[in-house]
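A.B. asks: Okay, here's the structure, questions in a sec.
Only the coordinates and a few stated rules stand behind these numbers; no lab work does. Please read these numbers as outputs of a predicted model, since none were measured by experiment. FYI the Cβ positions are ideal-geometry reconstructions off the backbone, even for glycines, and counts take in every protein chain you see.
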Amino acid sequence: MLLRTAAPRPLRRWVPVLFLLALLVGACSPEHYAQTALRPLSDFAKIGDDIQTTTIWWAFGVFVLVEGALLYAIFRFRGKPDDPEPQQVHGNTAIEIVWTVIPALILAAIAVPTVKGIFETSARPPADALKVEVIGHQWWWEFRYPDLNLTTANEVHIPVGQTVSFRMGTADVVHSFWPPRFAGKRDVFPNRETRLWFKAEAAGEYPGQCAEFCGIQHGRMAFRVKAQTPEEFQTWVSHMQTLGPKPPPAAEAPTAGDSVQVASAGASLRQAGASQDPQYATGEKLFQAKGCVGCHSLTAFNAPKGMIGPNLADVGARSYIGAGSFKNTDETLARWIQNPQAMKVGVLMPNLGVTAEEAKSLVGYLRAHQ
Amino acid sequence: MATTALDQQRAHATAGHAEKSGLWSWLTTVDHKRVGILYGATAFFFFLLGGIEAILLRIQLGSPNSTFLSPDTYNQLFTMHGTTMIFLAIMPLSAMFFNFMIPLMIGARDVAFPRLNAFSYWVFLAGGLFLNSSFFFGAAPDQGWYGYANLTSRQYSPGMNVDFWTLGLQILGVASLAAAVNFFVTILNMRAPGMKLMRMPMFVWMSFITQVLLLLAFPVITVALILLMFDRFFGTHFFVPSAGGDPLLWQHLFWIFGHPEVYILILPAFGIISEVLPVFSRKPLFGYAAMVFSGAFIAFLGFGVWSHHMFTTGMGPIADTFFALTTMLIAIPTGVKIFNWLGTVWGGSIQYRVPMYFALGFIAMFIIGGLSGVMHSSPPADLQQNDTYFIVAHFHYVLFGGSIFGLTAGAYYWWPKMSGRMLDETLGKVHFWLMLIGFNLTFFPMHILGLNGMPRRVYTYPEGLGFETLNQVETVGSLILGLSFVVFLFNIFKTARGPRNAPADPWNGATLEWAIPSPPQEWNFAEVPAVHGRDPLWEAKRERGGPLPEPPRVSGEGIHLPNPSIWPLVAAVGLTGVMVGVMTLHIVGPWGVVVGLSILFFGVYNWAFEPAG
C-alpha cells in the first residue's frame, strides 16, 4: 500500500524487469563458469578475446543506437486511422550514402585487428615448444608427447610459461579439440593434421570438451587441462616415464628425441609395493582374463599406438573417468567397470560381465596405477 | 482477340466456374492459391512438429545430467528439429506466400506452370512424410542437419538414419528446384502490363532473388547428397578417408549450398516486412532501389562466404582472411536494409495492427542476430564461438527472430486475403507478446552460455560448469514460446467458425492483391490490371479521392483456366517410390526402384500428353 503511493507507477512497472536483470547479471558473470571463454589464460586465447571484446563494444553501441531509434519511432510516430496521410517520402540519397559508409567504417575498425589476429594465431609456434599430439576417438581424447615418449588419455598435463604445440588428428570421425580457457577450438580430421598452440599463464585444472558433433556420446567427450608449474610438470614427466614396460634407470632417462625404441610391448607394469595388496594381484589377473588388456594399455612410457581404449597407466591419479564425465572415485570406477553402458550408453566398451567382487579387485588394481 | 472461335469454345467449357470442393478437387488442383494453402497447412503442421521436438530438447536440457531423453533420442530430435524447421517449415511457409501472393501481386491469373506447381507441392509433402516416417522405424536422422562426413559413412552410421536424411533431402530438393524454376519464369513473364521490374512489390523482388539462390544453391547439395548416397549404398569413397576420400570436401560442398540457404530462408521475410511496414506506416518504402540492390548484393555475396562456417578447420590465414572480409561485407547491405525499414517507419502514421507488431518485432530481433553475426565474422573470435550456444543463439535470432517473425507478420497480413476472414486482433497481440517474451527468454541466455563454454549438440551437461540457471530460464521460455502458438491456433479456429467478414482491402493496402475480393476468385483478376507505378492501389485510391468500392464477385464466364490434373501427384508418388526403392535395395533388390521409376514415367507421360485446357 505504501509502495503504491510512494513509487510512481512507471517505476513500479520496472521492478520485475530489474529483478530479472539482476538475475541475468549474476548468471552472466564469467567467474560463474568453469569452462568460460571470457577469462582467457593464454597468449593465444587473448588474441581472440581482445578482438571479441572490441566487436562486442561496437555491436553494443550499434545495438543501442539502432534499437533506440526504432523505439523512438515506435512511440513518436504513433498514428490514428483518421489522421491525415503523412508526408510521402521515397528516399534520401545523402542519408542513404551516410548509413552505408558508417557501417563500412565500423567494419573496417573490426577488420584490421581481425586480419592481424588471423596471422598471429596462424603463426608457427617457437622451436622450443612442447610438442603434444592430440588424437580424437569416439568418445575420448588421447594425448601423446612424442619427445618424451609418453602417452596419456583425457587429461593433458602442460607446463605454465612454455608454449605447447598441439598436432592433431582423429582415429575415427571428425572431432573438435576445445580448451576454452586456453584457446579456441580446432577441428581434428582423419588424414589431415591440424594445429593449435598456446602458452598457459596460470596453473590449475581446467575443463574442455569436444565441440564437433561426433556421434551418440558427443555430449560426454570432455577432457581436463592440468596446467602445472615447470617443476611440477617435470616431476610428472619423470614419474610417467617410469610407467613403462621396462622402467629405465634414472641415469638413462631419455631426453628429447632418443631412446624411443626400447619398448617391449605387452609387458605389464609392476608397481613397487603394490603387489603385496591381494586385490592388486586378483585385479591384475582379471585385467587379463576379462580382456581389458585388449583395448587398454597400462604403460605410459613407449606405450603402444593404435589402442582402441584410453591409456590407463595413470588412471588412478586422474580426476575424472569416462572422458571427463564422472568423478574418479572407487565407487564410480567400480560401477563403470561393471556396466559402462549404463553410465555412457553407446560407449565402445562393452559390458564384460564383471561381478561386484571382481570390480572391486579391478578398482584396487587400477587405483594403484598412478 | 478475345472473340476468336477457340476462345469462345473454351469460354463455353469453363463457363461459370462453379466453386470446386471435395477431396478430388484438392488432389488435382493446379490453382496457385489452393497449392499455396496446401503448402501453408502442411508447413505449419511440420512447424508445430519441429516446435514440439524443440520443447522436448529444452526439457532435457532444463537440468544437468537429465535422463528425460536418451542420448540417441536427443540426437535424433535435434537433427530432425533443424532439418524440419529449415526444409519442412520455413522454406515451405515462404513457398505458401510465393504461391498465393506472387501471382496476385504481379496481376497474373496463375503461375507460369500450374501443374509443375502442384508437382512441387506433392513432392514436398512426400519428402516431408518420407523424412518423418523414419520415426516409426526408430531411425530418425541423428547426425545433425549439416551431416558432416565422415560420421555419415556406413562405418560410423550403419543404421537407416542417415539414409532417410540423404534421400529425404534429395526428394525435397526436387520440390524446391521445380518451384524455383516456376516462380523465376512467373515473375519474369507473367507481370501485368506496366509492371516493370523496378515497379514490382518488394516481396516479389525478394522472392525473385530467392528463386535465383535456389536455382544456384540446390544443385550443389544435390551433387553432395548423390556422392553421399553412392558412398553409403554403392561403396564409393568420396568422403571415406581410409580410401583417400576427404571429409572436408563435404563441408565445402555443404556450405556452398548452406550459406545461400540462409538467405533463402531470410529474404522472403525481408520481402514481407517491406510490404507490411509501408502499409501500416502509410508511407512508401524508403529507398526502394537501394532495397532491391542490397537484396541482390546479399544474395551475390552469399555465395562467397561459405567457409566462415569452417574457420575452426584450420584453412590457413589467407582463406580465413578472405572469408572473414566477405562476411563482414554482407553486413553493409544488411545494415542498409534495416536503416531503410527505419526510414520507412520514420515520419509515418503508424497503425498498430497485429501484422505491424510482428514486423517491428522482426526489426528489433533481427538487429541482434545481425550484430552477433558480425561478431563471428572474425576468425580469432569465432574459434571460441563456433559450435557453441552462442551460434545457436545467433541463428535463432536470424531464423526465428527474423524469418518466423517475418512469416508471422505475413500470415496476419495476408490471412484476410487468403481465408476471407479477419483474425482476432486481441488474440493476435497476445500471440505477439507471448512470442516476443518467450523467444527472448529462450534464446538470449544462449549467447551467455555459449561464450561461457557450453557447446551445442550436447545431450546433457554436468553439474559444476555453471550452466544450470540459464538453461532453466531457456526451458521456461520455450514453453511460453510454445504457448504463443497455441494462442495463434486458437485464433485460427475461433475465427474460422465466424463469417467470411474480410473486405477486399482491410489494411489500406498498396499492392494489387487488395484490389480483388477476399478470398480471390479462381481467376484472380476478372480484368488484367494495368500498372502505372510502384504502389498501384494507393495511386488508384488517391485518384479517386477515397477508398475503392468493394469489388464484385463475378461469374468468370469466358476466362480461360488450366484444367485440373492428377498426374503431378502421380509423378510425385513415383519419385518418392524411387527413393523408397533405394532404401529397400538390400531387401527387394532393384525392383522397388523399377516400380518407382515406372510410376514416375507413367505420371510424366500422361502429364505431357494431357490436354492443357
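A.B. asks: Under 14 Å from the Cα of A:K344, which aspartates and glutamates turn up, not counting those fewer than eight places away in the same chain?
C.D. replies: By straight Cα distance, A:K344 reaches B:D72.
A.B. asks: If the chain between B:T426 and B:Y352 were fully stretched, how many nm would it gain, using 0.36 nm times the residue separation less the Cα-Cα distance? Show your work: numbers first, answer last.
C.D. replies: Values: separation 74, 0.36 × 74 = 26.64 nm, distance 1.16 nm.
Taking 0.36 nm per residue and subtracting the Cα distance, the gain is 25.5 nm.
A.B. asks: Related question: From the C-alpha coordinates alone, can you work out the Kirkwood hydrodynamic radius of chain B, in Å?
C.D. replies: On the way: mean 1/r = 0.0396 Å⁻¹.
Result for chain B stands at 25.3 Å.
A.B. asks: Sort out for me the Cα centre separation of the stretch B:231-251 from the stretch B:202-216, rounded to whole Å.
C.D. replies: 33
A.B. asks: Is any residue of the stretch B:289-325 close enough, with backbone N under 20 Å, to a label point placed 7 angstrom from the Cα of B:V223 along the Cα-Cβ axis, and if so, which?
C.D. replies: Residues passing the 20 Å test: B:300-310.
A.B. asks: For a Förster distance of 56 Å, can you work out the FRET efficiency between the beta-carbons of B:L48 and A:A317, rounded to the nearest 0.05? Display every interim value, and only then the final one.
C.D. replies: Working: r = 52 Å, r/R0 = 0.92.
Between B:L48 and A:A317 the formula returns 0.60.
A.B. asks: Is the stretch B:342-427 rounded, prolate or oblate when judged by the Cα gyration tensor, a ≥ b ≥ c being the square roots of its eigenvalues, rounded requiring a/c under 1.5 and prolate requiring a/b larger than b/c?
C.D. replies: Details: a/c = 4.00, a/b = 2.13, b/c = 1.88.
Cα axes put the stretch B:342-427 in the prolate bin.
A.B. asks: Then there's this: Taking a label point 7 Å from the Cα of A:H90 along the Cα→Cβ vector, which residues of the stretch B:339-375 have an amide N closer than 17 Å to it?
C.D. replies: Answer for the stretch B:339-375: B:344.
A.B. asks: Now for a separate question. Where nothing but the Cβ of Lys and Arg (+1) and of Asp and Glu (-1) is charged, how large is the charge dipole of the stretch A:120-237 around its Cα centre, in debye to the nearest 20? Present the calculation step by step, with values, prior to reporting the outcome.
C.D. replies: Details: 13 positive and 14 negative charges, 48 e Å.
Around 220 debye, computed over the stretch A:120-237.
A.B. asks: Pairing the Cα long axis of helix B:317-345 with the longest principal axis of chain B, what angle in degrees results, from 0 to 90 and rounded to the nearest 10?
C.D. replies: So the helix axis and the longest Cα principal axis differ by about 40 degrees.
A.B. asks: Further question on the same structure: Quick check: Cα centre of the stretch A:189-231 to Cα centre of the stretch B:528-563, how many Å?
C.D. replies: When both Cα centres are located, 66 Å separates them.
A.B. asks: If each of B:K20 and A:E201 carries a label point 7 Å out from its Cα toward its Cβ, how far apart are those two points in nm?
C.D. replies: 7.1
A.B. asks: Please compute the modelled spin-label separation between A:D50 and A:W14, points set 7 Å along Cα→Cβ, answer in nm with one decimal.
C.D. replies: 3.7
A.B. asks: Let me ask something else about it. Under a plain spin-label model, where a point goes 7 Å from the Cα along Cα-to-Cβ, how far apart in nm are A:K285 and A:R124?
C.D. replies: 5.6
A.B. asks: If you don't mind, there's one more thing I want to ask. Calculate the mean, over all residues of peptide A:190-199, of how many other protein chain Cβ atoms lie within 10 angstrom of the residue's Cβ. Write out the running numbers ahead of the final one.
C.D. replies: Details: counts 9, 8, 6, 1, 4, 1, 3, 0, 0, 0.
Per-residue shielding by partner chains comes out at 3.
A.B. asks: Now for a separate question. May I ask for the net charge around A:I47, where only other residues with Cβ less than 10 Å from the Cβ of A:I47 are counted and Lys, Arg are +1 while Asp, Glu are -1? Present the calculation step by step, with values, prior to reporting the outcome.
C.D. replies: On the way: positive: A:K46, A:K116; negative: A:D43, A:D49, A:D50, A:E120.
That sum, taken over residues with Cβ under 10 Å, equals -2.
A.B. asks: What translational diffusion coefficient, in µm²/s and rounded to a whole number, does the Stokes-Einstein relation yield for the stretch B:447-582 at 20 °C and a viscosity of 1.002 mPa s, taking the hydrodynamic radius as the Kirkwood radius over Cα pairs?
C.D. replies: Values: Rh = 21.6 Å.
Answer from the Stokes-Einstein relation: 99 µm²/s.
A.B. asks: When the convex hull of the C-alpha atoms of the stretch A:263-367 is computed, what volume per residue in Å³ does it have?
C.D. replies: Working: hull volume 10.5 nm³, N = 105.
It comes to 100 Å³ per residue, whole-number rounded.
A.B. asks: How big is the antiparallel share of DSSP beta bridges in the protein assembly as shown, given as a percent to the nearest 5? Before the final figure, lay out each step's value.
C.D. replies: On the way: 30 of 43 bridges.
Once the DSSP bridges in the protein assembly as shown are tallied, antiparallel ones form about 70 percent.
A.B. asks: Mind scanning A:K131/A:K290; A:K80/B:K417; A:K80/B:K20; A:K46/B:K337; A:K199/A:K360; B:K196/B:K337 and naming the pairs with a C-alpha gap bigger than 29 Å?
C.D. replies: A:K131/A:K290; A:K80/B:K20; A:K46/B:K337; A:K199/A:K360
A.B. asks: Could you work out the mean count of beta carbons from other protein chains within 10 Å of each residue's beta carbon in A:47-59?
C.D. replies: Numbers: counts 3, 8, 3, 2, 6, 10, 1, 3, 8, 5, 0, 3, 8.
Mean partner shielding for this stretch: 5.
A.B. asks: Also: In whole Å, what are the Cα extents of the protein assembly as shown along the three principal axes, biggest one first?
C.D. replies: Projected onto the principal axes, the Cα atoms of the protein assembly as shown cover 107, 77, 58 Å.
A.B. asks: Can you compute the helix-only [θ] at 222 nm over chain B? Use -39500 (n - 2.57) per DSSP H run of at least 4 residues, normalise by all residues, nearest 500 deg cm²/dmol. Show your work: numbers first, answer last.
C.D. replies: On the way: 21 runs with 390 residues, N = 613.
The helix-only estimate for chain B comes to -21500 deg cm²/dmol at 222 nm.
A.B. asks: A follow-up question, please. Would you look at the GNM of chain A, springs on alpha carbons closer than 10 Å, and say which of A:G161, A:G79, A:G283 moves the most?
C.D. replies: Greatest mean-square fluctuation among the candidates belongs to A:G79.
A.B. asks: Which of the aspartates and glutamates could be linked to B:K33 by a straight reach, that is with a Cα gap under 13 Å, when you skip same-chain ones fewer than 8 residues away?
C.D. replies: B:K33 reaches B:D110, B:E513, B:E522.
A.B. asks: For a Förster distance of 45 Å, can you work out the FRET efficiency between the beta-carbons of A:K327 and B:F293, rounded to the nearest 0.05? Don't skip to the answer; put the middle values down first.
C.D. replies: Numbers: r = 59 Å, r/R0 = 1.31.
With a Förster radius of 45 Å, E is 0.15.
A.B. asks: Distance cut-off 29 Å, Cα to Cα: go down the list A:K185/A:K226; A:K285/A:K327; B:K283/B:K494 and report the pairs above it. Before the final figure, lay out each step's value.
C.D. replies: Working: A:K185/A:K226 17 Å; A:K285/A:K327 26 Å; B:K283/B:K494 33 Å.
Going by Cα-Cα distance, B:K283/B:K494 fall outside the 29 Å limit.
A.B. asks: Give the aspartates and glutamates whose C-alpha is closer than 14 Å to that of A:K305, dropping any in the same chain fewer than 8 places away, or say none.
C.D. replies: A:E133, A:E142
A.B. asks: What are the semi-axes of the equivalent ellipsoid of the stretch B:165-214, taken as the square roots of 5 times the eigenvalues of the Cα gyration tensor, listed largest first and rounded to whole Å? All intermediate terms of the calculation are to be shown ahead of the outcome.
C.D. replies: Working: eigenvalues 153, 21, 7 Å².
The three semi-axes for the stretch B:165-214 are 28, 10, 6 Å.
A.B. asks: On to the next question. Compute the Kirkwood hydrodynamic radius of the stretch B:565-613, taking the inverse of the mean of 1/r over all pairs of distinct Cα atoms, and give it in Å to one decimal.
C.D. replies: Values: mean 1/r = 0.0922 Å⁻¹.
Computed over Cα pairs of the stretch B:565-613, the Kirkwood hydrodynamic radius comes out at 10.8 Å.
A.B. asks: Now, a different point. Roughly how many whole Å is it from the C-alpha centroid of the stretch B:295-323 to that of the stretch A:67-100?
C.D. replies: A separation of 35 Å, based on Cα centres.
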